[in-house]
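Rule-based calculations on the coordinates, nothing more; no lab input. What you see is a predicted model; the values in this text were computed from it and never measured. When we count neighbours, we look across all protein chains shown, and the Cβ atoms used for this are built from the backbone with ideal geometry, even at glycine.
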Amino acid sequence: MPAFRHTAEITEFIRPEMTGKGLGTAMLEHLEAAGKEQGLTTILASISSLNEGSIRFHECRGFRRCGQFNNVGIKNGIVFDTVWMQKFI
C-alpha cells in the first residue's frame with residue numbers, strides 16, 4: 001500500500017540448533033541494507049511473548065517494544081501474547 005511504502009514487517013525463523021551462529025544477525029543486516037536501498041525507514045517485528053530469546057535478539061539490535069496483543073495465540077496448549085517491536089533504519 002502506498003501509505004505504508006516506507007515500512008516493512010519481517011519474520012525470521014531459525015531452527016533452535018542453528019541459533020547463536022550469527023545467522024539471524026546476518027539476515028537482519030541484509031534485510032536492513034536492502035530495505036534502506038528501497039526507501040524503507042521502519043521495520044516491524046511481531047514476536048511470540050514465549051520467545052524471550054527472539055525478543056532479546058531484537059532489542060540488542062536496536063528494536064524497541066511498541067505494542068502487545070494479549071492472549072492472541074495458543075501453542076502446545078499455552079496461551080501467549082504477540083509483542084510488536086519497531087526499528088527505525
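If a/c stays under 1.5 just call it rounded; otherwise compare a/b with b/c (prolate if a/b is bigger, oblate if not). Do that for region 12-89, with a ≥ b ≥ c from the square roots of the Cα gyration tensor eigenvalues. Judged from the Cα gyration tensor, region 12-89 comes out oblate (a/c at least 1.5, b/c at or above a/b). For the chain, the longest principal axis of the C-alpha atoms and the axis of helix 23-37 are separated by about 30°.
How would you rank 34-47, 11-24, highest first, on the average number of other Cβ atoms within 10 Å across their residues?
Most protected by this proxy first, the peptides run 34-47, 11-24.
Cα centroid distance between region 13-65 and region 66-87, in Å? First find each Cα centre; the distance between them is then 16 Å.
Using C-alpha pairs under 8 Å with a sequence gap of at least 6, the mean separation divided by the residue count of the chain gives a relative contact order of 31 percent.
Within the chain, DSSP assigns beta bridges of which about 80% are antiparallel (rounded to the nearest 5).
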